[in-house]
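Q: Below you will find the structure I want to go over with you.
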Amino acid sequence: MVLFGATAGVQAHKIKVHHKHGTVVAKVHHPKVLVHKGVNYYYANGIWYRPYGRKYVVSRAPIGIRVKYLPRGFRKVRINGIKYYTYNGVWYTKNRGYFTVVRVS
């Protein structure tokens, strides 16, 4: 009983881990598979991956690839009158319901 009372107030927090480009991971949870210029990319929770044997490597988002949704936590930024969306260092514009990866200089 004492142990139960001591743990009743503990809350679980979800911790987001963002791997650096080049990091190899064994599994990607619920990815969307997108083909861009003949290359398969895997997109999950705002992170981009490419196949690496039976594993995946965290990669840069290819310029021009489109996704339907961005994960929670994305930011809206206006530069020179143009609205951009950014998440995890990747910049997007929105057009016709899709977010397209762009280069912002």
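Q: For segment 52-72, how many residues are without any contact (Cβ under 8 Å) to a residue 40 or more places away in the chain and either touching a Lys or Arg at 6+ places or on another chain (Cβ under 9 Å) or closer than 13 Å to Lys32 by Cα (or both)?
A: Here the count works out to 14.
Q: Criterion first (at pLDDT below 95, under 15 Å from Tyr98 (Cβ atoms) and surrounded by 11 or more Cβ atoms within 10 Å (Cβ to Cβ)) does Tyr69 satisfy it?
A: yes
Q: Here is a follow-up. Looking at segment 51-95, what strands (runs of 3 or more DSSP E) fall wholly within it and have at least 1 residues that are in contact with a His (Cβ under 9 Å, 6 or more places away or on another chain), on the phi < 0 side of the Ramachandran plot and β-branched (Val, Ile, Thr)?
A: 55-58
Q: Considering (1) outside any strand (DSSP E or B); (2) at pLDDT below 95; (3) surrounded by 10 or more Cβ atoms within 10 Å (Cβ to Cβ), say which one Lys14 fails and leave the rest.
A: With (1) outside any strand (DSSP E or B); (2) at pLDDT below 95; (3) surrounded by 10 or more Cβ atoms within 10 Å (Cβ to Cβ) applied to Lys14, the lone miss is (3).
Q: Quick one: in segment 72-89, which of the residues that are hydrophobic (A, V, I, L, M, F, W, C) and in contact with a strand residue (DSSP E or B) (Cβ under 6 Å, 6 or more places away or on another chain) is surrounded by the fewest Cβ atoms within 10 Å (Cβ to Cβ)?
A: The selected residue is Val77.
The values are calculated or read from the model by the stated rules, or taken from the named source; none is laboratory data. Computed from a predicted model, the values in this text were never measured in an experiment. Glycine gets a Cβ as well: all are built from the backbone with ideal geometry, and neighbour counts include every protein chain shown.
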